[in-house]
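A.B. asks: I am attaching a structure below and will ask some questions about it afterwards.
The values are calculated or read from the model by the stated rules, or taken from the named source; none is laboratory data. Here the structure is a predicted model, which means the values were calculated and not measured. In this analysis, Cβ positions are derived from the backbone assuming ideal geometry, glycine residues included, and neighbour counts consider all displayed protein chains. Ligands, DNA and RNA are stripped out before the accessible areas are found, and what is left, the full protein with its side chains, is counted by its heavy atoms. Shrake-Rupley method; radii C 1.70, N 1.55, O 1.52, S 1.80 Å.
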Amino acid sequence: MAVAYTLLVLFLAVFVAGFVLLILGAINFDFSNSEIPPGVNEPVKLRIIHIMLISRAVVGKILENIGICSQVNFVRYMQDRKTLRVDPKLLIKDLWFEKVPVRIYQLKAPSASQRRGVMFFHGGGWVFGSLETHERLCRSIARESESVVVSVGYRLAPEHKYPAAYEDCLNATIHFMKNAEHYGVDPANITVCGDSAGGNLAAAVSQTLAGRSDLPSLRAQVLIYPGLQALDFNLPSYHQNRGVPPLFRERAAFYMLQYLNGNASNLEEVLEGSHIPIDIKLNYGKWVSPDHIPPEFKVRGYKPHVLLDCSTKTYETVKRFCEPNLCPLLAEDAVVQQLPQSFILTCEYDVLRDDGLLYKKRLEDNGVPVTWYHLEDGFHGIINSFDTDCLSFPSGK
C-alpha cells in the first residue's frame with residue numbers, strides 16, 4: 001500500500017511538473033513571437049493579461065488532447081465564469097428575439113420621455129465572446145448613457161459559419177426596431193454598436209438596413225476597433241502590430257477563416273495575400289489599399305507588400321470574402337451614402353487599426369458624418385478591461 005501511494009504521488013508530481021513545463025514552454029514561445037510596444041501604458045499589465053490568455057489556451061489544448069473537451073469550449077467556459085452583483089440601477093432580463101438569445105438592460109428609474117436604444121454585438125473573433133463576457137460593458141453603457149441596451153448572443157463559429165452571426169444580429173435588430181416602444185424606446189433613436197468582430201457585425205447590419213422604407217432609420221453606428229475586410233492582411237497596421245497581444249496578425253486571419261469556413265486550411269495563402277486574384281484586388285484597391293492610409297500611420301517600419309496572384313481552387317474556398325455582409329468595407333458607394341452618423345474607435349497598437357481608418361475615409365468620402373477617436377496608447381481589446389480593477393487601463397476607461 002505504501003509503495004502504491006508513493007508511486008501515485010510521484011506520478012502526480014511528474015504530471016503536474018510536466019503540465020507546468022508545457023504551459024511555461026507555450027508562454028515562452030508566445031513571448032518570443034510577441035512584442036509590447038514602448039508606447040503602451042502599463043506594459044506589465046498587458047503582459048499579465050497575455051500570460052493569462054496563453055495559459056487558458058494551453059490548458060484547453062491539453063484537455064482536448066486527452067479527450068475531455070475541445071479547446072474552444074474550455075476557453076468559452078472560462079470566459080463565462082464571471083458573476084456580477086445585482087445592479088441597483090438596472091433591470092436585466094434574458095429574452096429571445098426571433099430565436100436569438102438577448103439580454104436587455106433597462107434603467108429602473110422612470111423616464112419622462114422615450115429612451116434611446118442600443119443594439120450591442122460582442123467581440124471575440126466570431127468564435128468567442130458571449131452575453132457574459134460583455135456584461136460589465138453593457139451595464140456601463142446602459143447606466144452612463146441612460147439607454148436601453150440589447151446585448152445579442154449570436155451563434156458562434158466554427159459550429160455556425162457565416163452568415164449565421166450576421167443573420168442573428170440582423171434579425172434581433174429588426175425585431176427590436178419593430179417592438180421598441182414596448183421597451184420604452186424611441187424607434188427613431190436606435191444605435192448599433194459592437195467591438196472587434198461585433199464592430200464588423202454592427203457595420204454589416206447598418207448597411208443592410210440602410211434605405212429600408214419599412215423601418216425607421218438607425219440613429220447611428222458605433223464601431224469599436226472593427227475588423228472590416230479580409231482582402232489584405234498586409235496593410236501597415238497588420239505588419240506594425242503583428243506581434244502585439246492579445247490579437248496577433250495570424251489570429252486575426254485565423255478567426256476570419258473560422259467564421260467563413262469553420263476551418264483555417266487557407267491561412268498561409270490569406271496571410272501572404274495569395275487568396276484573392278490580382279484583378280479583383282486591384283478593383284477593390286480604390287477602397288482597400290495602403291495608399292489610403294495617412295502617412296503618419298506608416299512611419300513605424302512599414303514596407304509595401306508585393307501583390308501575389310492566387311489559384312482558382314483557393315479563391316473558390318474564400319470568394320465570399322468579397323461579400324459586404326462579411327467584409328463591410330467592400331460595400332458599394334450607393335449603400336455607404338445612406339449610412340447613419342458614425343463613430344469609429346481605433347487603437348495605434350492594433351492590427352485592425354487600418355480597417356477602421358479605411359472605413360472612416362469611405363464614410364467621409366460619401367458624406368456620412370463621422371466622429372473618429374484614436375487611442376495613441378491603445379491596443380486591441382482594451383475596452384474589455386475598463387472595469388477590471390488592477391488590470392484596467394486609463395485608455396480603456
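A.B. asks: Just in segment 97-134: which trypsin sites (Lys or Arg not before Pro) are loop by DSSP and have at most 11 other Cβ atoms within 10 Å?
C.D. replies: The qualifying sites are LYS99, LYS108.
A.B. asks: Are any of the pairs LYS319/LYS360; LYS82/LYS397; LYS319/LYS397 more than 27 Å apart by Cα-Cα distance, and if so, which?
C.D. replies: Check vs 27 Å cut-off fails for LYS319/LYS397.
A.B. asks: If you don't mind, there's one more thing I want to ask. Quick one: grab the alpha carbon gyration tensor of segment 169-248, order the square roots of its eigenvalues as a ≥ b ≥ c, and give me rounded if a/c is under 1.5, else prolate or oblate depending on whether a/b is larger than b/c.
C.D. replies: Prolate, because a/c is 1.5 or more and a/b exceeds b/c.
A.B. asks: Just subtract the alpha-carbon distance of ALA109 and ASP279 from 0.36 nm times their residue separation and send over the number in nm, one decimal.
C.D. replies: Taking 0.36 nm per residue and subtracting the Cα distance, the gain is 55.5 nm.
A.B. asks: Here's a follow-up. Counting only protein heavy atoms, what percent of the accessible surface of the chain is carbon or sulfur at a 1.4 Å probe?
C.D. replies: 57
A.B. asks: From largest accessible area down, sort LEU201, LEU391; use a 1.4 Å probe on the protein chains.
C.D. replies: LEU391, LEU201
A.B. asks: Given a 1.4 Å probe and heavy atoms of the protein chains only, how would you sort GLU144, GLU64, largest accessible area at the top?
C.D. replies: GLU144, GLU64
A.B. asks: Remind me, relative contact order of segment 99-229 in percent, using alpha carbon pairs under 8 angstrom and six or more residues apart?
C.D. replies: Here the relative contact order equals 30 percent.
A.B. asks: So what's segment 260-397 giving for Cα Rg divided by 2.2 N^0.38 Å, two decimals?
C.D. replies: 1.19
A.B. asks: So, one more: Rounded if a/c is under 1.5, else prolate if a/b is larger than b/c, else oblate: which is segment 80-205, with a ≥ b ≥ c the root eigenvalues of its Cα gyration tensor?
C.D. replies: Taking the square roots of the gyration eigenvalues as a ≥ b ≥ c, segment 80-205 is oblate.
A.B. asks: Given a 10 angstrom Cα cut-off, can you work out which residue in TYR302, TYR359, TYR154 is the most mobile in a GNM of the chain?
C.D. replies: Taking springs between Cα atoms under 10 Å, the residue moving most is TYR302.
A.B. asks: Comparing GLY199, GLY211, GLY39, which has the greatest mean-square fluctuation in the GNM of the chain with Cα pairs linked when under 10 Å apart?
C.D. replies: Largest GNM mean-square fluctuation: GLY39.
A.B. asks: Using only protein heavy atoms and a 1.4 Å probe, report how much of ARG320 is accessible, in Å² to the nearest 10.
C.D. replies: 100
A.B. asks: Using a Gaussian network model on the chain with a 10 Å cutoff between Cα atoms, which of SER206, SER34, SER196 fluctuates the most?
C.D. replies: Highest fluctuation among the options: SER34.
A.B. asks: In square angstrom, rounded to the nearest 10, how much accessible surface does ASP387 have for a 1.4 Å probe?
C.D. replies: 60
A.B. asks: Continuing with the same structure: Non-local amide H neighbours of VAL102 (under 5 Å, H modeled in plane, Pro and chain starts lacking H): which ones?
C.D. replies: LEU95, TRP96, PHE97, GLY153
A.B. asks: Give me log10 I(q)/I(0) at q = 0.07, 0.09 Å⁻¹ for the chain, Debye formula, one equal scatterer per alpha-carbon, no solvent.
C.D. replies: Values, matching the q order: -0.34, -0.55.
A.B. asks: Divide by every residue of the chain the summed helix terms, -39500 (n - 2.57) for each DSSP H run of at least 4, and state the resulting mean residue ellipticity at 222 nm, rounded to the nearest 500 deg cm²/dmol.
C.D. replies: The per-residue figure over the chain is -12500 deg cm²/dmol.
A.B. asks: Heavy-atom accessible area of LEU267 with all protein chains present, probe 1.4 Å, nearest 10 Å²?
C.D. replies: 30
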